[in-house]
1. Hey, what number do you get for the chain at 222 nm if only DSSP H runs of n ≥ 4 count, each worth -39500 (n - 2.57), divided across all residues, to the nearest 500?
2. Out of all DSSP beta bridges with both ends in the chain, state the antiparallel percent to the nearest 5.
3. Measure off 7 Å from each Cα along the Cα-to-Cβ vector at residue 198 and residue 383, then give the distance between these two points in nanometres to one decimal.
4. Convert each backbone phi in region 278-285 into a coupling constant with the Karplus relation 6.51 cos²θ - 1.76 cosθ + 1.60 (shift: θ = phi - 60°), then list the ³J(HN,Hα) values in order as whole Hz, x for Gly and Pro.
5. Using θ = phi - 60° and the Karplus form 6.51 cos²θ - 1.76 cosθ + 1.60, what ³J(HN,Hα) does each residue of region 366-380 get, whole Hz, x for Gly and Pro?
6. Note down the relative contact order for region 59-183 as a percent, whole number, built from C-alpha pairs under 8 angstrom at least six residues apart.
7. Would region 211-252 count as rounded, prolate or oblate if I go by the C-alpha gyration tensor, calling it rounded below 1.5 in a/c and otherwise prolate when a/b exceeds b/c, oblate otherwise?
8. If I model a spin label as a point 7 Å beyond the Cα along the Cα-Cβ vector, how far apart are those points for residue 219 and residue 367 in nm?
Amino acid sequence: MLIAGARVFTKEHRFQKLDIEIAEDKIASLRDSEGAKDVKDNSLVGVILEGIKSFADGEILDASRLYAIPGLVDIHFHGAVGHDFCDADMEGLSAISAYEAQNGVLAICPATMTYSEEILEKVMTTAREYASGEAYEEQAQLVGINMEGPFISPDKIGAQNPKYLAKPDVAMFRRLQEKSGNLIRLLDIAPEIEGSSDFIKELSHEVNISIAHTACTYEEAVTAFDEGARHVTHLFNAMPGINHRKPGPIPAAMEKNAEVEMIADGIHVHPAMVRFVFETMPDGKVILISDSMEATGLPDGIYQLGGQSVTVCGQKAVLTDDPGTIAGSVTNLFQCMKNAINMGVNKEAAIMAASENAARAIGVGDKYGCIEAGFFANILLVDENMNLKHVINRGKVLF
């Protein structure tokens, strides 16, 4: 396939009018755009889709009025369309992956909840089997697992289940990592709980360790980063806020140049704080996530997250028994990216945060998150208002 004449978001993080040549499931080359005139050539016959015509060696997609951005990478979400990652169900994973792909999210790293090791083993085993199976063009690729629990603080439990909280356990992590086939890419921990220091030092060279669901002080956070943590889970949520006498973990993350996740669903973080983070942190360190749960893509109603009942009304999901506690989001990552732009975030920075930065954080930045030769041909074509027009998933036009 040749995607002709698009304004391509390049590795230099700017838009340039280019042709994208695709060979099988990879990007073969980028070149100065000459395709627009070819698409109008009367010798090219047989319209396959609107804007796509066949030619001797494949198809040409006329993207001269569109922008090409990388397929998105969501490194923290729990489910969609009535399914949860922790259901450990192959059919459910297929449904989730199909929903994500339809919405421009082409590489996924779903998150576990706080459960027992026995339950998590089943989740890891199912994920390994799914990831090693046949890749379908209508589904996002599962490229990792985000282990969000159970090594977190009871004081910032959020929507996690306190029944399954556990002390940091290196051996337990390694058993689960073996079950997953080394798919665990992110490992969450509250650095103030007993045993966290040795845990971070032991595992920081094996997995990206993230500060999460924590009541830690600024000093405890600084120590955790110095010991090897380099990531922060859903910044501002389930952690102390910024105080001028008790600064907490957020300034520590900024000073230590950590990666920070942020949920731009309009519920979890105020637009002013979204802008603040993008203006304060280096562009390469901010990662947009959805934190979506199983109600995403479905109407209002009663759902579940981590074995707890969740009530969804409009764009807000809360624990049914504790309506003051937000329980994930019901917004996919593509919409979160658009929300961030509508909140005043620079378009290029928002695109990076939902693609390249996320892929790099989980160690797949050499294959996903950029439009560059050798990368998977995961490309979204959008209009000037960031409305999704075409999804190309590993070289195949999904719609």
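The values are calculated or read from the model by the stated rules, or taken from the named source; none is laboratory data. Every value quoted in this text rests on a predicted model; they were computed, and no experiment measured them. As a convention, Cβ positions derive from the backbone with ideal geometry for all residues, glycine included, and neighbour counts pool all protein chains shown. Surface accessibility is based on the protein's heavy atoms, side chains included, excluding ligands, DNA and RNA. Shrake-Rupley method; radii C 1.70, N 1.55, O 1.52, S 1.80 Å.
1. Using -39500 (n - 2.57) per qualifying helix, the result is -7500 deg cm²/dmol.
2. Rounded to the nearest five, the antiparallel share is 60 percent.
3. 6.0
4. 5, 7, 9, 8, x, 3, x, 10
5. Whole-Hz 3J(HN,Hα) from phi for region 366-380: 8, 10, 10, x, 9, 9, 7, 3, x, 7, 4, 7, 9, 9, 10.
6. For region 59-183, the relative contact order is 26 percent.
7. oblate
8. The two pseudo-label positions are separated by 4.4 nm.
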